[in-house]
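Where a number appears in this text, it was derived from the coordinates with a stated rule and is not lab data. Please read these numbers as outputs of a predicted model, since none were measured by experiment. Counting neighbours? That spans all protein chains shown, and the Cβs are built from the backbone with ideal geometry, glycine included.
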Amino acid sequence: MKPEQWLALAIWVGAHALAAFVVLLCALLLLVAFMARIWDGQVLRRRQAAFSQPAVLLLNVAAGFAIVLGAAAGFAEIAEQLGPDGAMAQADKALSVSMRAHVTVGTLQVFALLTHLGDPPVLTLLGVAVALWLWWRGQRSLALGWVLALGGNALLNLMLKRVFERVRPLHDNGLVAELGWSFPSGHTSGATVAYGMLAYVMLRTLPTAWHLPALLGATALAFTVGSSRVFVQVHFASDVVAGFASGTAWLMVCILSVGSSQRWRLMRSR
């Protein structure tokens with residue numbers, strides 16, 4: 001798209017921000033449900049074809065690394081366009097100005113509450129509770145993977161913020177105040193990793209009937225937290241997209257590591 005087209009799109013989205021959020025959330029949930037259905041079908045076909053355990057492991061690793069590479073490529077593309085004269089930076093500013101003019105106070109107050117679902121204290125409390133529960137169940141490797149996923153993402157986001165040192169947008173609505181650098185969004189990456197990893201834990205520990213609700217719930221929570229950062233204007237939209245990208249990449253690395261290590265031990269024990 002041309003720069004002027006990006007600007008026009010940003011202004012339009014800002015004027016219809018709540019509707020855009022609802023449409024994107026519904027589309028994302030439908031995509032996740034569709035992908036989950038395809039995944040179940042693939043697993044069933046693998047069992048019917050009697051694939052060997054190493055072959056299934058390699059297919060899982062290949063699919064995971066494809067997601068990692070895609071997320072990393074998206075993050076790199078955004079980072080390259082952060083300059084003040086870049087089309088993305090100009091679109092960020094246009095979206096922010098448009099939302100300030102059109103989003104109602106009531107909408108801002110709702111998202112100001114929802115954004116706390118990605119606060120570090122909330123995710124820390126969740127992290128401790130899930131780790132203790134897994135340890136009590138005797139699933140020590142899964143508990144370790146859970147802790148490393150959350151802690152590693154916090155360190156990764158801190159390092160990325162120090163590398164890019166992007167100033168936050170103006171946020172003087174009095175609802176949420178944030179200090180520090182803006183790119184990428186720590187709330188977004190933290191929610192993506194925490195709720196995504198929680199869905200993975202639920203897939204590993206709960207009956208099949210809970211699997212799709214867990215995936216849809218994690219998707220809705222992560223997307224809502226990320227979107228809330230743009231609504232309350234403590235982040236530019238590209239900060240949030242980059243947070244989704246970095247969080248997804250790290251989440252897949254952790255899931256691949258935990259899953260591969262457990263399958264490897266299973267193969268060695270046979």
Run through the range 98-206 and list the trypsin sites (Lys or Arg not before Pro) located in a DSSP loop whose Cβ has at most 13 other Cβ atoms within 10 Å. Arg137
Under 12 Å, Cβ to Cβ, from Asp239 - net charge with Lys/Arg +1 and Asp/Glu -1: +2
At 25 °C and 0.890 mPa s, the Stokes-Einstein diffusion coefficient in µm²/s for the range 127-211, with hydrodynamic radius from the Kirkwood sum on alpha carbon pairs, is 166 µm²/s
